[in-house]
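Since the structure comes first, as structure tokens, the remarks are kept for the end.
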Amino acid sequence: MQIENFKIFADLVETKSFSKAAKLNGITQSAVSQQARAMERHFKTLLVDRSQKQFQLTREGQRVYEAAKEMLHTYEKLLSELQEMKKVISGTIRIATIYSIGLHELPPYIKKFLHDYPSVNVRVEYRRSNLVYEDILHNSVDFGLVAFPVKQRQIDSLPFRNDHLVLITHPNHPLANQGEIDIKLLADQRFIGFDPDIPTRKAVDQIFRDNKLEIEPVMEFDNIETVKRAVEIDHGIAIVPLATVLQEVRLGTLVAVHFKDKDFTRPLAILHRKGRVLTPAMKKFIEVLGFDLEEMAPS
């Protein structure tokens, strides 16, 4: 048995999917199935209970999985220590992020990181929030960035920064010259929102409930860029993170209006799977983001 066999098996167990395990390891679904059967022949015992409709391990399979995780952790730790001994900062860092953070919050940090460590490759995937958590749990990425983080047992969540939520309008909209507005003034406006399952939309809906406003969006979109374009052509107004509209405000295509006596914020967080070994490159990336490495210690 090679270390790759145990990694594929561990990925299969954690994703409960032959196709997802195949994608994680760059092989075919058939190859994953063959690897599982090869391990069963090697250990002379069934590891996967194929009598069940859903993926399920046998008792022996669970023990092999636990041992595989221990071996993989030791192997990854060894690789990391050897790289540190050689003072090597290289490799690939994989990041999953929602669009608004990836497009507007993350780029300056990545630019600085790549300038300081040009031998490291950074891959950024844009994902919906729920899929970022899934990617972290399945070890298909090293870090995730989300808004309004949700606690999960297997994931560490580090507070990254807070965005201020503002109202955006077309420059000729009646609310554009208000400077600051009372949120009650939104009651009769055409409102453009995010899709209902997006965390920022849920937060905005809660703001409306807290202020006893009944507002139904006239349009709903799944990303910040489309919301901004709809407001730019004066189809309505929207509440968005200020950091996502700085360029449009500078260009004069949108106006950002703050709320009077209110400070609505959107917390951002960096996600990392608990117990995951950090390579030297990953440690440096965390430092560039402004974190002390001790914060990444298992809790």
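The table that follows gives values for the structure above.
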| quantity | calculated |
| --- | --- |
| Cα convex hull volume per residue for segment 99-206 (Å³) | 153 Å³ |
| Distance (nanometres) between label positions extended 7 Å along Cα→Cβ at Arg59 and Arg41 | 2.7 nm |
| Within-10-Å neighbourhood charge of Lys274 [Cβ basis; K, R +1; D, E -1] | +2 |
| Values of log10 I(q)/I(0), in the order q = 0.08, 0.12, 0.14, 0.16 Å⁻¹, for the chain under a Debye, Cα-only, solvent-free model | -0.47, -0.88, -1.05, -1.21 |
| Among Gln34, Gln52, Gln83, residue whose mean-square fluctuation peaks in a GNM of the chain (springs only between Cα atoms under 10 Å) | Gln52 |
| Karplus 3J(HN,Hα) series, Hz, for segment 113-122 with 6.51 cos²θ - 1.76 cosθ + 1.60 (x for Gly, Pro) | 4, 5, 5, 6, 9, x, 7, 9, 9, 10 |
| Sequence of Phe285, Phe191 once ranked by neighbouring C-beta atoms within 10 Å, starting from the fewest | Phe191, Phe285 |
| 19 Å Cα-Cα reach of Lys283 towards aspartates and glutamates, excluding residues that sit fewer than 8 places from it in its own chain | Glu76, Glu81, Glu84, Asp116, Asp142, Asp156, Asp292, Glu294, Glu295 |
| Pairwise label distance in nanometres, Glu84 with Asp222, each label 7 Å out on the Cα-Cβ vector | 4.1 nm |
| Extreme residue, positive dipole direction of the chain, given options Val249, Gln56, Asn172 (C-beta unit charges) | Gln56 |
| Residue-by-residue Karplus 3J(HN,Hα) for segment 23-31, coefficients 6.51, -1.76, 1.60, Hz, glycine and proline x | 5, 4, 10, x, 10, 7, 4, 4, 5 |
| Under 19 Å from the Cα of Lys228 - aspartates and glutamates, other chains or at least 8 residues apart | Glu105, Asp163, Asp195, Asp197, Asp205, Glu216, Glu220, Glu248 |
| Segment 162-266 shape via C-alpha gyration tensor axes, a/c threshold 1.5 | rounded |
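Every number in this text was worked out from the coordinates using simple rules, so none of it is lab data. Because the structure is predicted, anything quoted here is derived from the model rather than measured. A quick note on method: Cβ atoms are made from the backbone with ideal geometry, for glycine too, and the neighbour counts reach across all protein chains shown.
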